[in-house]
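FYI, it's all coordinate maths here, none of it is from the lab. All values derive from a computational prediction rather than experimental measurement. Cβ coordinates were reconstructed from backbone atoms using ideal geometry, including for glycine residues, and neighbour counts include every protein chain displayed.
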Amino acid sequence: MNVVRRLLWLMLALVTGHALSAEKVRYCDYPVYPPISWSDGKQVRGLAPSVVKKLFGELGYEVEVVVLGNWKRCLLDAAEGRVDVVLAYSTAQREQSMLFSTVPVLREEVALFINRQHPVKFEQVQDLANYRGGLLFGESYGVEFDRMVAQNNNIEWVAGSRQNFGKLIRGRIDFITQERRTGQLYVENLPGAQDIVALPKALSVDYLRLAVSRRSPLAKRMPQIDAQLQRMVDAGDIERLLNESEVTYRDMINLPADAQ
């Protein structure tokens, strides 16, 4: 009889444990923005996935990282509820389908990267209408900039930052809009990029936020998500994870090819 009870107890524990572990968060990332996120060829690394895993781990969830073909696909899947979470800038359009954390993950400065061999005059957004730019599918840098792009059709859309910087090096485009920290990391390690510089004047300053699909069950937990994110900020976790991510990325880039 005791054996039967123990077997029943064990089965109940297994079923309960399975039910608990089955609660997953689907997080979508397009890993081309070091040190925020990048791929080492095997997994997505960087500040963004680290923050998501730590935050939702503390709330009792398991995180599944989903990588799609471009950033626009991530945003679309979040809007449709096929994934639960992304990290993104808040815009009026995105707020229709996603809830954004009131606590920002990171302050980001968007800079214009140019080729010194082909100078660009930039004092205000409309100045850029005279030049050819490069953006990644799905990127948005504010209402004024997006309006300028729509009115002038002067942007070449690509899937990856390396492709964009390659075009800038070869003079096929005049500027790239890129988060300053990410762009500097690319320039440091990209062959032929000695003439690529960031203009001192920022295009904009924005805040990277955790965004939850309005169609996700997580939407009702936004107060707890914000509270946990605030605890992480107060404890210095975000700053520590960012510093670790920058060190890890530089170490990876400097490894011999056969060691990666």
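Cα extents for the stretch 16-97 along the principal axes, largest to smallest and rounded to whole angstrom: 39, 32, 20. Along the stretch 229-239 the Karplus relation, 6.51 cos²θ - 1.76 cosθ + 1.60 evaluated at θ = phi - 60°, assigns HN-Hα couplings of 5, 5, 4, 5, 5, 5, 7, x, 5, 5, 4 Hz to successive residues, with x for each Gly and Pro.
Remark: the stretch 187-193, residue by residue, has Karplus-estimated 3J(HN,Hα) of 4, 4, 10, 9, x, x, 9 Hz, where x stands for each Gly or Pro and the curve is 6.51 cos²θ - 1.76 cosθ + 1.60 at θ = phi - 60°.
Note on the stretch 107-205: semi-axes of the ellipsoid equivalent to its C-alpha gyration tensor, largest first and rounded to whole Å, are 19, 14, 13.
Which percent of the Cα-Cα distances in the chain go past 35 Å? Summing the P(r) tail past 35 Å for the chain gives 23 percent. For the stretch 44-59, backbone phi angles converted through the Karplus equation (6.51, -1.76, 1.60; θ = phi - 60°) give residue-by-residue couplings of 7, 10, x, 4, 4, x, 5, 5, 4, 5, 5, 4, 6, x, 5, 8 Hz, Gly and Pro being listed as x. Treating each Cα of the stretch 158-260 as one equal point scatterer and applying the Debye formula with no solvent, the log10 of I(q)/I(0) at q = 0.11, 0.13, 0.23, 0.24 Å⁻¹ comes out as -0.55, -0.74, -1.23, -1.27. Relative contact order for the stretch 60-158: 27 percent, from Cα pairs under 8 Å spaced at least 6 residues apart, divided by residue count. Annotated for the chain: lysine pairs at least 8 residues apart or interchain, Cα distance under 18 Å, count 5. Going through the stretch 96-130, which GluC sites (Glu not before Pro) have at most 12 other Cβ atoms within 10 Å and a DSSP loop state? Filter output for the stretch 96-130: Glu123. Spin-label model, Trp157/Val67: points 7 Å from Cα along the beta carbon direction are separated by 2.3 nm. When the trypsin sites (Lys or Arg not before Pro) in the stretch 81-116 are filtered for DSSP coil states and for at most 15 other beta-carbon atoms within 10 Å of their beta-carbon, the remaining sites are Arg116. Over all pairs of different C-alpha atoms in the stretch 200-260, the reciprocal of the mean inverse distance, the Kirkwood hydrodynamic radius, equals 15.1 Å. Counting every pair of alpha carbons in the stretch 17-159, the share spaced more than 26 Å apart comes to 34 percent.
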